[in-house]
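The values are calculated or read from the model by the stated rules, or taken from the named source; none is laboratory data. Owing to the predicted nature of the structure, the values given are computational and were not obtained by experimental measurement. Virtual Cβ from ideal backbone geometry, glycine too; neighbours counted across all protein chains shown.
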Amino acid sequence: MEAHAQGQASSGPPDGDWLGTPYLTFRREGPIAVCTLDRPEARNAMTPAMYFGLRYAVGRVNQDPELAGLLITGTADVFAPGGDMGGGGADDWLTFGAALGMDITPFDTLRSSVKPVVSAVNGLCQGGGLQIALCSDVAVVSERATFRVPELFRGIADTYYSQMLARVIGPVRTRDLMFTGRTFGAQEALDWGMVARVVPHEELADAARDVLAQCCRTAPAARAVVKSSLDSYLGLFDRIGMNTSLGAPEAVEGFRAFKERRSPAWVHPELRIDGRL
């Protein structure tokens, strides 16, 4: 059973298996729910409604006794590139400012999900998309996947990343990824402990489902205690500092530079490059 647009031409609040946006599908495969980011025309850039819909999907699975776990994946060669900085089009029932404010993002919901959540990372994964993978219980990754943390190019002091990455890969590697914004591949992500497994691309769907099934066989109450312990280790991010940065001049300039496909004004003239960073 699949819930997609279901005759709804535009977005609207979630209801049942409808996640509130035509850019997310919710498909039931026996005890497994599969949520697919499906916005190929924008390379799966996540609108506010998509962020909220994914958060809603986690709650939907947790509340449904017929579902044991959630699998999250993308389409074609893209998992998720993060938030859509160009506007949500049909998904304008929520504002992007609200999404940037972290109030509708699914990250904390993923971390606290009662039932297991596995990300099947099928391709490009950066920004909010990488955060989704990091906050899932297990990330199973295609050998073709690529990753990036570009927030500082946009003028965003992403303290969620600085908190979580420092815990997962250490402060030295965190500075490397955040200060350079470089692209790195699946094997490096695996070697650094950012993802759990790398598999051949054509085996990704089956491998991710197998991992999720294994997770779903563990004792729920005991699993929740372990998950709470791990979540405490990851700790809390500086929400106030991050929210303050989102309305600061650097974030405004970062947004404008992205839209205009140029280097932001803070980049020294001799270090600017053609196109957006």
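For region 117-159, which strands (runs of 3 or more DSSP E) that fit wholly inside it have 1 or more residues that are farther than 21 Å from Pro40 by Cβ? Fully inside region 117-159 and qualifying: 117-121, 138-142. Restricting region 170-201 to residues that are touching a Leu at 6+ places or on another chain (Cβ under 8 Å) and in a helix (DSSP H, G or I) leaves a set whose member that is farthest from Cys135 (Cα to Cα) is Phe179. The C-beta contact set for region 187-207 (first residue more than 17 Å from Ile72 (Cα to Cα), second residue assigned to a strand (DSSP E or B), distance under 7 angstrom, 6+ apart or interchain) comprises Gln187/Val198; Ala189/Val141; Ala189/Phe147; Leu190/Val198.
Answer yes if at least one residue in region 143-165 is small (Gly, Ala, Ser) and in contact with a strand residue (DSSP E or B) (Cβ under 8 Å, 6 or more places away or on another chain), and no otherwise.
Of all residues in region 143-165, those small (Gly, Ala, Ser) come to 145, 155, 157, 162.
Next, from what is left, pick out any that are in contact with a strand residue (DSSP E or B) (Cβ under 8 Å, 6 or more places away or on another chain): 145.
Among the residues of region 143-165, at least one is small (Gly, Ala, Ser) and in contact with a strand residue (DSSP E or B) (Cβ under 8 Å, 6 or more places away or on another chain), which makes the answer yes.
For (1) of a type in the set (Phe, Trp, Tyr); (2) more than 19 Å from Phe237 (Cα to Cα), each residue gets a yes or a no:
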| position | (1), (2) |
| --- | --- |
| Ala133 | no, no |
| Arg144 | no, yes |
| Tyr160 | yes, no |
| Ala166 | no, no |
| Ile169 | no, no |
| Leu177 | no, no |
| Thr180 | no, yes |
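Selection of region 239-266 for residues being in a loop (DSSP other than H, G, I, E, B) and closer than 15 Å to Glu151 by Cα yields Gly247, Ala248, Ser263, Pro264, Trp266. Quick check on my filter: what residues within region 242-277 are surrounded by 12 or more Cβ atoms within 10 Å (Cβ to Cβ) and touching a Ser or Thr at 6+ places or on another chain (Cβ under 8 Å)? Hits for region 242-277 are Met242, Ala251, Ala257, Arg272, Arg276, Leu277.
Answer with yes or no whether Ser263 is over 27 Å from Phe79 (Cα atoms), hydroxyl-bearing (Ser, Thr, Tyr) and without any contact (Cβ under 8 Å) to a residue 24 or more places away in the chain. No.
Go through (1) closer than 23 Å to Phe147 by Cα; (2) surrounded by 12 or more Cβ atoms within 10 Å (Cβ to Cβ); (3) modelled with pLDDT of 95 or more one by one and return the number of the condition Pro200 breaks. Of (1) closer than 23 Å to Phe147 by Cα; (2) surrounded by 12 or more Cβ atoms within 10 Å (Cβ to Cβ); (3) modelled with pLDDT of 95 or more, only one is false for Pro200: (2). Among the residues of region 225-235, at least one is over 28 Å from Ala33 (Cβ atoms) and either touching a helix residue (DSSP H, G or I) at 6+ places or on another chain (Cβ under 8 Å) or small (Gly, Ala, Ser) (or both).
Hey, could you check region 15-48 for residues that are among the acidic types (Asp, Glu) and outside any loop (DSSP other than H, G, I, E, B) and say which is modelled with the highest pLDDT? Working first, answer last.
Within region 15-48, the subset among the acidic types (Asp, Glu) is 15, 17, 29, 38, 41.
Cutting the leftovers down to outside any loop (DSSP other than H, G, I, E, B) gives us 15, 29, 41.
Details: Asp15: 94, Glu29: 98, Glu41: 93.
The qualifying residue modelled with the highest pLDDT is Glu29.
The set of residues in region 202-238 being assigned to a helix (DSSP H, G or I) and of a type in the set (Phe, Trp, Tyr) consists of Tyr233 alone. Checking the conditions here, which among Ala57, Ala80 is crowded, with 16+ Cβ neighbours inside 10 Å, at pLDDT 95 or above and out of contact with any helix residue (DSSP H, G or I) (no Cβ under 6 Å at 6 or more places or on another chain)? Step by step, each of Ala57, Ala80 is checked, and only Ala57 is crowded, with 16+ Cβ neighbours inside 10 Å, at pLDDT 95 or above and out of contact with any helix residue (DSSP H, G or I) (no Cβ under 6 Å at 6 or more places or on another chain). If you go through region 116-157 and keep only what is within 14 Å of Leu212 (Cα to Cα), surrounded by 24 or more Cβ atoms within 10 Å (Cβ to Cβ) and of a type in the set (Asp, Glu), you end up with nothing.
Within region 26-46, restricting attention to residues that are crowded, with 22+ Cβ neighbours inside 10 Å and out of contact with any Leu (no Cβ under 8 Å at 6 or more places or on another chain), which residue is farthest from Leu110 (Cα to Cα)? The residue in question is Arg39.
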